[in-house]
Amino acid sequence: MIGTENAVLEALRTRRSVPKVREETPPREMIEQIIEAATWAPNHHRTSPWRFVVLTGEAREALGEVMATEAARTLRDPESEEGRAILAKQRTKPLRAPVIIVAAAVPQPHPKAIEIEEIEAAAAGVENMLLAAQALGLGAMWRTGKPAYSAAVKRHLGLPSDAHIVAFVYVGYPDVPILPRERISPAPFIDWR
Ligand SMILES: Cc1cc2nc3c(=O)[nH]c(=O)nc-3n(C[C@H](O)[C@H](O)[C@H](O)COP(=O)(O)O)c2cc1C
């Protein structure tokens, strides 16, 4: 295969989601480097549609509260034992990493900008973030779930109502071995003409 020694190709082949990280908070400079990596992503019309909300410490607990409140609205009996367990789980979800970078796309008022392309640019930025985190020796995990699509969560994070939360990127020092992923041949997904 061409380019097997290439550092970029090697990085994207070895990138893995890291679901478990240590409690220790990585330095702010590392988080800034990860976010900067996102802003190098391709972006039609250079609109910079990405917005980042960095949550550490108690800000993660505050997000957990909003997530629990939102989840409670969908439960028949939030006070039941089962309901309480579900809500407790929501509350602690953001505590799975010392840093959460919320990556959102906010469509910009550029006459030529197309909303889906603004989201695509932000998503490309998220992949850059995952690769940057790995390059810095950190572990990262792209998470979404219902909170990513919740108006209350967006409001809580100070994002406008037309924002799209593309990812909650959980970041920290890896606490699990990073194993290679089984390679799936791209051949079935290609139509050469
Ligand atoms: C849009 C998007 C949303 C995702 N949301 C979640 C999530 O909510 N929870 C989760 O465990 N993983 C989530 N992931 C990560 C995938 O599960 C993960 O990338 C996949 O299992 C492949 O593993 P790898 O990243 O180690 O190659 C998401 C990935 C993408 C692209």
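The values are calculated or read from the model by the stated rules, or taken from the named source; none is laboratory data. Every value quoted in this text rests on a predicted model; they were computed, and no experiment measured them. We place every Cβ from the backbone using ideal geometry, glycine too, and count neighbours over all the protein chains shown.
Hey, among the residues in region 145-193 that are acidic (Asp, Glu) and in contact (Cβ under 8 Å) with a residue 40 or more places away in the chain, which one's surrounded by the fewest Cβ atoms within 10 Å (Cβ to Cβ)? Result: Asp162.
Each residue in region 1-42 was checked for being of a type in the set (Ser, Thr, Tyr) and either at positive phi or assigned to a helix (DSSP H, G or I) (or both), and 1 pass.
Looking only at residues of region 151-176 that are aliphatic (A, V, I, L, M) and more than 13 Å from the ligand (Cβ to nearest atom), we find that the one that is nearest to Pro26 (Cα to Cα) is Val171.
Of note, Ala148 satisfies the criterion of being among the hydrophobic types (A, V, I, L, M, F, W, C) and within 13 Å of the ligand (Cβ to nearest atom). Looking only at residues in region 110-125 that are surrounded by 22 or more Cβ atoms within 10 Å (Cβ to Cβ) and of a type outside the set (Asp, Glu), the one that is nearest to the ligand (Cβ to nearest atom) is Ala122. Criterion first (within 20 Å of Ser17 (Cβ to Cβ), away from the ligand (no atom under 16 Å from the Cβ) and out of contact with any Phe, Trp or Tyr (no Cβ under 7 Å at 6 or more places or on another chain)) does Leu75 satisfy it? Judged against the criteria, Leu75 is not a match.
Of all residues in region 126-135, which are crowded, with 19+ Cβ neighbours inside 10 Å and either without any contact (Cβ under 8 Å) to a residue 12 or more places away in the chain or more than 14 Å from the ligand (Cβ to nearest atom) (or both)? Hit for region 126-135 is Ala132, nothing else. Among the residues of region 136-145, those identified as within 12 Å of the ligand (Cβ to nearest atom) and closer than 26 Å to Glu10 by Cα are Gly139, Ala140, Met141, Trp142, Arg143. Counting residues in region 7-28 that are of a type outside the set (Phe, Trp, Tyr), buried (at least 18 other Cβ atoms within 10 Å of the Cβ) and away from the ligand (no atom under 15 Å from the Cβ) gives one or more. Return a yes/no flag: does region 38-52 have any residue that is over 21 Å from Leu130 (Cα atoms), buried (at least 17 other Cβ atoms within 10 Å of the Cβ) and either more than 16 Å from the ligand (Cβ to nearest atom) or free of Cβ contacts under 8 Å to residues at least 60 places away in the same chain (or both). Within region 38-52, one or more residues are over 21 Å from Leu130 (Cα atoms), buried (at least 17 other Cβ atoms within 10 Å of the Cβ) and either more than 16 Å from the ligand (Cβ to nearest atom) or free of Cβ contacts under 8 Å to residues at least 60 places away in the same chain (or both). Give all pairs with beta carbons closer than 9 Å in which a residue from region 105-121 that is more than 16 Å from Val166 (Cα to Cα) meets a residue that is surrounded by fewer than 13 Cβ atoms within 10 Å (Cβ to Cβ) and modelled with pLDDT of 95 or more; count only pairs at least 6 apart in sequence or on separate chains. Taking only residues 6 or more apart or on different chains, the pairs are His110/Arg46.
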